[in-house]
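Undergrad: Sharing a structure, written as structure tokens. Questions coming.
The values are calculated or read from the model by the stated rules, or taken from the named source; none is laboratory data. It should be emphasised that the depicted structure is a prediction, and the values quoted were computed from it without experimental measurement. Ideal geometry is used to build each Cβ from the backbone, glycine not excepted, and the neighbour counts take in all protein chains shown. Keep in mind that these areas ignore ligands, DNA and RNA; they rest on the heavy atoms of the full protein, side chains included. Shrake-Rupley method; radii C 1.70, N 1.55, O 1.52, S 1.80 Å.
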Amino acid sequence: MPRYHTTSNGNVPFTAEEETARDTEEAAWTAGADDRAAADARQERNNLLAATDWTAMADAPTQATAMTTYRQALRDITSQSGWPTTINWPTAP
């Protein structure tokens, strides 16, 4: 399907070179999908870890074992088999 530039004089079809350049751009975007998903997931993981940083302090409540397990599970999400498109997020205690 041909692509067009929209101009004040109407639609102008892409040249062969423009079609090739656009195809290359779209292929690069598609190839980077997993990288973008991984970056988003890491950011979410980092936010969840930051929200529980206080539990890693020496004077944290005694529930620290459950929280330690949760925090380790967050750190381990990158080793899940579906990473980065399918993530089984751990449940906070």
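Undergrad: Within the range 1-16, restricting attention to residues that are open to solvent by 100 Å² or more (accessible area, probe 1.4 Å) and within 32 Å of the chain's Cα centre (by Cα), which residue is farthest from residue 85 (Cα to Cα)?
TA: In this case the residue turns out to be 4.
Undergrad: How many residues are in contact (Cβ under 8 Å) with a residue 40 or more places away in the chain and in contact with a Lys or Arg (Cβ under 7 Å, 6 or more places away or on another chain) when one looks only at the range 1-59?
TA: Adding up the residues that qualify gives 1.
Undergrad: Also, I was wondering about something else. Name the residues in the range 34-50 that are open to solvent by 40 Å² or more (accessible area, probe 1.4 Å) and either under 8 Å from the mean Cα position of the chain (by Cα) or aliphatic (A, V, I, L, M) (or both), would you? Spell out the reasoning first.
TA: Within the range 34-50, the first condition is being open to solvent by 40 Å² or more (accessible area, probe 1.4 Å), and the residues that meet it are 34-36, 39-40, 42-44, 46-48, 50.
If the condition is that a residue be open to solvent by 40 Å² or more (accessible area, probe 1.4 Å) and either under 8 Å from the mean Cα position of the chain (by Cα) or aliphatic (A, V, I, L, M) (or both), then 34, 35, 36, 39, 40, 42, 43, 48, 50 are the ones that fit.
Undergrad: Let me ask something else. Return yes or no: is residue 53 open to solvent by 50 Å² or more (accessible area, probe 1.4 Å) and over 19 Å from the mean Cα position of the chain (by Cα)?
TA: Values: open to solvent by 50 Å² or more (accessible area, probe 1.4 Å): yes; over 19 Å from the mean Cα position of the chain (by Cα): yes.
When the stated conditions are applied, residue 53 passes them.
Undergrad: Among (1) more than 30 Å from residue 4 (Cβ to Cβ); (2) among the aliphatic types (A, V, I, L, M); (3) open to solvent by less than 100 Å² (accessible area, probe 1.4 Å), there is one condition residue 58 misses while meeting the rest; what is its number?
TA: Of (1) more than 30 Å from residue 4 (Cβ to Cβ); (2) among the aliphatic types (A, V, I, L, M); (3) open to solvent by less than 100 Å² (accessible area, probe 1.4 Å), only one is false for residue 58: (3).
Undergrad: Turning to a different aspect of this structure: If I filter the range 70-87 for residues that are without any contact (Cβ under 8 Å) to a residue 12 or more places away in the chain, in a helix (DSSP H, G or I) and over 19 Å from residue 42 (Cα atoms), do I get at least one hit?
TA: If we filter the range 70-87 for residues that are without any contact (Cβ under 8 Å) to a residue 12 or more places away in the chain, which is where we start, we get 72, 76, 79-82, 86.
Now restrict to residues that are in a helix (DSSP H, G or I): 72, 76, 79.
Subsequent filtering for residues that are over 19 Å from residue 42 (Cα atoms) retains none.
There is no residue in the range 70-87 that is without any contact (Cβ under 8 Å) to a residue 12 or more places away in the chain, in a helix (DSSP H, G or I) and over 19 Å from residue 42 (Cα atoms).
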